[in-house]
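Taken together, the values in this text are just the output of simple stated rules run on the coordinates, not laboratory data. Every value quoted in this text rests on a predicted model; they were computed, and no experiment measured them. Please note: Cβ atoms are built from the backbone with ideal geometry, for glycine as well, and neighbour counts cover all protein chains shown.
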Amino acid sequence: MEPDVSIESGCMIRIAVLPVGDMPRSNMRDYVSMLLRLNKIELSSISSFYTEHQKSPFAHQPWENGSLRFKFLVGGAQPSAWEDFQSNRKILGVIGLCHCPSSPDLGAVYEQFQGIRKAYSSALVEKCFAFCPSDSQVQLEDGGKKGNNLILFPPADRQTQEFHIQTMMQDLAAALLMEFEKYVLRAESAGTILKTPLDSQTSLGSEEVIKAKKRRLGRAQKTIGDYCLLAGSPVDANDHYSTAIELARLTGDVFWHAGALEGTVCALLLDRMGQKDQILEEAKYRYYDVIQLYRRVPTVSFELQAALKLARFLCRRELAKEVVDLLMSAADGAKSLIDASDRLVLYVEIARLFGNLGYERKAAFFSRQVAQLYLQQDNCWAAISALQVLAMTSKAYRVQSKGTNARSHSFPNELRLSHLEGGKLNSQSIVSLFECQWSTLQMVVLREILLSAVRAGDPLAAWSAAARLLRSYYPLITPAGQSGLASALSNSAERLPSGTRCADPAVPFVRLHSFPFYPSQMDIIKRNSGKEEWWTGSIPSGPFIYTPFSKGDPNESHKQDLIWIVGEPVQVLVELANPCGFDLTVDSIYLSVYSNNFNAFPVSVCLPPNTSKVISLSGIPTSVGPLTIPGCIVHCFGVITEHLFRDVDNLLIGAAQGLVLSDPFRSCGSTKIKNVLVPNINVVPPLPLLVSHVVGGDSAAILYEGEIRDVWVCLANAGSTPVEQAHISLSGKNQDSVISIGSEILKSALPLKPGAEVMIPVTIKAWQLGLVDSENSTNKNLTGIIGRTSKEGSSPMLVIHYAGPSQYQEEVQTIEPILPPGRRVVVPLHVCVLQGLSFVRARLLSMEIPAHIRETLPIPVYTDEAVSDEVPVNETKADCLVKIDPYRGSWGLRLLELELSNPTDVVFEISVSVQMEDPTTSDGETSDFHYPKTRIDREYSARVLIPLEHFKLPVFDRSFLPKETKRVESSYGKHSNFTERHSKAELNASIKNLTSRIKVRWQSGRNSSGELNIKDAVQAALQTTIMDILLPDPLTFGFRLSRNKFSTGPLDAQQNARSHGRHHSGEDGRTKVLNCSILAHEMTPMEVLVRNNTKELVKMSLSITCKDVAGDNCFDGDKATVLWAGVLSGIRVDVPPLQEITHSFVMYFLVPGEYTLMGSAVIDDASDFLRDRARTDSSNEPIFCSGPPFRLHVLGTA
Amino acid sequence: MIVCVAVVGLQNNPLYLQSFTEADDALKLHYIVHCSLDVIDERVNNPKKTGSTMNETFLGLLYPTENYKVYGYITNTKVKFVLVTTDLDVKDADVRSFFRRFHSAYVDAVSNPFHVTGKKINSVFFAERVRDIVKSFGTNTTV
């Protein structure tokens, strides 16, 4: 069997084309290509070379329109056993090709040619074409004896050379024609013995010899017919064939009969050239006869060949069914072919014919059979052939290498288009996804490609096949198989030069994870050219991070443009997945950018089996312009491949639709992410870049609540253009805690040149813990705050908007100057607030100092010569803290007690200062009064007492009472509400006034100090205690000596003192102690005064008690030391509202010393109001009311 | 005997392929089914314009190969059914009725709300039913 046969091949003259001498491949290809074009020589063109030696046997030679056809067998061929049967199988001519520059010795070349041509015994004509000889070679040859057989072609351009070759071929054709004539004449006269391998099997019996003689004539006629066809004379051929058919039929020479019949069809075609359709039916009919005849011949190959010839003849769409039948039966016949190469040829032909018919799957199937036959031959060349054949099939099975894909990946424009299309897939890729499901077949084909590539020693093809196999079918391959493929990849790569690129990516799968937009340190803000505050309006304003109005359709958000800056490194996150069962080492991976304005930095990654990893790939844009990132360049398994994001996206879409075997990312446990679209990236000229760091480290400053600290923020311009504008603002939580920002320092440092830096002080006061969190809940109960550490994100942030010059430095020639964008840097002031001193409680305390009984009631008139012998306070301003309580009648001292606890592990020192109005200055100037420091050890609490001096009481009035006594509030009705509210407000105001003047500063260690913000807490705490202290008693008791006489209206004086002299203390009385001293053994007349502070009449029984220093009652008992006259107990008196009564009595002290007098009363028929004041519940319980103690100093008489 | 039935989707993607031979020739049957798509494509793209065959779903004998005969059927949604048999004399009527039953089984299978169109048919019930239809293929002639 021979490849590439057709019905017309009966008229083709075979010429072996052989390289002679040293023939460089490229030259050989050149010369052969020139030769191959001359496969048809017009008879008319050779007439000049033709000389008729005797009468031509080709009587009907069509000299006008006929032609000789050639079939060039480059490299020659073995002589066929069947060449007697089909003369066209003979090699009738030999052409040697010689490239003179590489074979200088033409003599040797010719010798070699002569040697070669001896192998072709059937050759009638031989020529050796020597190209491009040198002058010396030409001269040598001129004198040579090689005759006409060595033809020199002088160096010339291709056209000239082609012309020369054509001429030589015409000469050769004429020579052949003459040889054919000679042969035919000889064959007609003498006859030759024509044999086929079939004949040799027959035994040569006498009968057989006679039969053979008869047959010989027919066979000779057939052969003559063959030569007529070769000579281009179909009419002559037909004549001879007809004779041959007759003779063959008579002699029963079936084989030759079929051969002659086949010849007639060829002659018919040749004769009726260009009218194929008209003779189609006839040719077909005759050819089926041929096939029938061949079927009776023992060897099957002629039948198959005839079937193939017919199929090729019929091969067109309309006759597809017929052709398919022919081809399928031919394919079935392949089994009976013994010779493997015959089968190979058959399959090749079937595959080609199916391919011509458009049945690409069938063509692929048979191609694969061809490849398998090739692979059965255990040699490299067969493997290469197998590889090539399989490569052709790969298209039909949709496993073709991307490198062979017509749509090369070197068109960035197209890529960009497809990215712009968004998620749309072109139909091509969809179809290929669908076809991917013939995985069983595809894997087999790829495996065979791999096998043949390994055998053929084509490492790149092997790599590519293994890569395709692994990438597409990893779920169907066992881990062991995957490792095998991995080692196949590595082994192939070892044979490849380093840096080899392959169009087919292997693993890992690479998809785009995200484009990290600029970190907040490097935000780019579009400048609003119209405004002074150029950053406003460019970012969504308002309280919401996401405003539904600022952005349009969320679907369009992916259209967002990304701005990259020349010279500033950028990052892109990609996700790699290794779904295979081996450790994958990616030697390097970097972004692939076609636009040549990006320097990508390679990264190497190692992926354990079945894992995915998100890695960040970085690079630096190098020049201005648009930039596209279609994928990554991966250097893995020794070969460089490009992994396009688009491919993986398609794959994932396919996986989502169930078209692809598996989603590599999901099988690696990676979560599904939204399809990330590559934004339009634009590279802009350099901008300034401020880099900030907090001096002393960017880590959080640990501050105690209320601590004040200066933080220095260092801003450096890391860009290449100066910063010309800058503006600092605050954002984030706890903005209040930033007390001051040194923005003037920044302003004065402008323009900040590249590389320059500036330090800005920022003063921070640590905020209160818990206040932020619990501000919604009631803030009254602040005592139970549990310490909380600073949460992330609660720190304030400095936002600095800055911009470079308003025009680009190297001005891009544009119609309007573009305002370069500004930038924003966010400096988080990391503050970690620890719970510091905490405020536990505040109370208002009062301290009583008993008054001395003397002739007058103590009248608090301020005197400069106050002598302190009773109150242990300094006689400075603290003196004035003690004063007479007008409703108690005794000396009182008010103290504010703050209870602070220190839950931390450091020591705090507290210093309290009260801002005081200086009583000596009338213009209300204030001065601070500092109390000594209090130290609070760790995990202890301490109380700080603050004496209150100027605590202003509200104007006292009955209406003040009910507001505290809420239970009786209802009885007072609405009319009291106003006054009640009024006085409450007044009270609150006074408390606020007080608390605002108290500052509690603390210090801990050397450098942390702060202020405790306790205003609100104190205020809240005081509300509860203040009433007990400030509310007047219902009754005021007072004692005085009535030795001289009754002073008039002592209480009036008292009231006067109270009304205008709040700050006065009644120290004056003490100076008169000596003047009105009480002596023992003397009658001492005294008076007790009881004042009713209520607006109701109070009935009571008054009692007076006297106690000595030991606290024993001096009136009663066995050892009574005091004698008395008058009533001292059970005195029933009625006190009218806001009036006072006096009751006189006389005492006689037996023993000198200190005594204490106390008045007390049991109130009868107490009103609800009084009961409430006394905090009693039962209505019949008597209300007991006692006054403060009064002291008496009794002097001895001696 | 039926050796293989296959369902091939709109995009020539295999949806179901089941062989009924003991021999390990699944790959060969894959190839046969795959190759038959050529003929189906050709018949679908170049329909004979006669009115009676316009709506014909049965494509008839696609091609004989080796010992097999391959029959085709195409639904109105362009889903193809391929039948590979070793019987040499098969009545067209048998094949038609086979395909009709197979078609209804397929319709039932893809009517499953959990089935995703375009995905491979993994229904056990469908496989069971197909096995029954295949089993009753030869016996149907006597009925």
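Overview of values
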quantity	calculated
Within-13-Å neighbourhood charge of A:ILE116 [Cβ basis; K, R +1; D, E -1]	+1
Chain lengthening between A:VAL826 and A:ARG295 when straightened (0.36 nm per residue, less Cα-Cα)	182.0 nm
Set A:LYS40/A:LYS71; A:LYS765/A:LYS999; A:LYS309/B:LYS28; A:LYS284/B:LYS69 screened for pairs whose C-alpha atoms are more than 20 Å apart	A:LYS309/B:LYS28; A:LYS284/B:LYS69
Calculated FRET efficiency for the pair A:PHE601/A:ARG272, C-beta based, R₀ 56 Å, to 0.05	0.20
Footprinting exposure proxy for A:LEU36, B:LEU62 (fewest neighbouring C-beta atoms within 10 Å first)	A:LEU36, B:LEU62
B:SER111 versus A:LEU36: modelled label distance in nm, points set 7 Å from Cα along the beta carbon direction	6.0 nm
Value in Å of the Kirkwood radius, where the range B:1-105 supplies the Cα pairs that are averaged	13.8 Å
Computed [θ] at 222 nm, helices only, for chain B once each DSSP H run of length n ≥ 4 contributes -39500 (n - 2.57)	-12000 deg cm²/dmol
Modelled label reach - A:GLU322, point 7 Å along Cα→Cβ, the range A:1-26 residues with backbone N closer than 15 Å	A:7
Distance in nm between pseudo-label sites at A:VAL614 and A:VAL907 (7 Å out along the Cβ direction from Cα)	5.1 nm
Whole-Å distance, taken between Cα centres, linking the range B:93-110 and the range A:236-253	57 Å
Length added when fully stretched, A:LYS211-A:SER122, from 0.36 nm per residue minus Cα-Cα	29.3 nm
Binned Cα-Cα distance frequencies in the range A:593-659 - 5 Å width, integer %	4, 12, 17, 23, 20, 13, 8, 3, 1
Full-extension gain in nm, B:THR57 to B:MET1, via 0.36 nm per residue minus C-alpha separation	17.9 nm
Cα-based convex hull, the range A:346-405, per residue volume (Å³, whole number)	75 Å³
Cα-only Debye scattering, the range A:18-132: base-10 log of I(q)/I(0) at q = 0.14, 0.24 Å⁻¹	-0.72, -1.35
Label point distance in nm, A:SER47-B:ALA26, each placed 7 Å from Cα along Cα→Cβ	7.2 nm
Estimated FRET transfer efficiency (B:ASP92, A:LYS182; beta-carbon r; R0 51 Å; 0.05)	0.25
Residue-averaged beta-carbon neighbours from other chains (10 angstrom radius) around A:440-446	3
Where a label projected 7 Å from the Cα of A:LEU750 along Cα→Cβ would reach, residues of the range A:715-742 with amide N under 12 Å	A:723-729
Whole-angstrom gap from the range A:19-97 to the range A:718-757, using each part's C-alpha centre	91 Å
Using a Förster distance of 30 Å, the FRET efficiency for A:SER996-A:ARG1132 (Cβ separation, nearest 0.05)	0.05
Diffusion coefficient, µm² s⁻¹, Stokes-Einstein with Kirkwood Rh over alpha-carbon pairs of the range B:83-143 at 25 °C and 0.890 mPa s	193 µm²/s
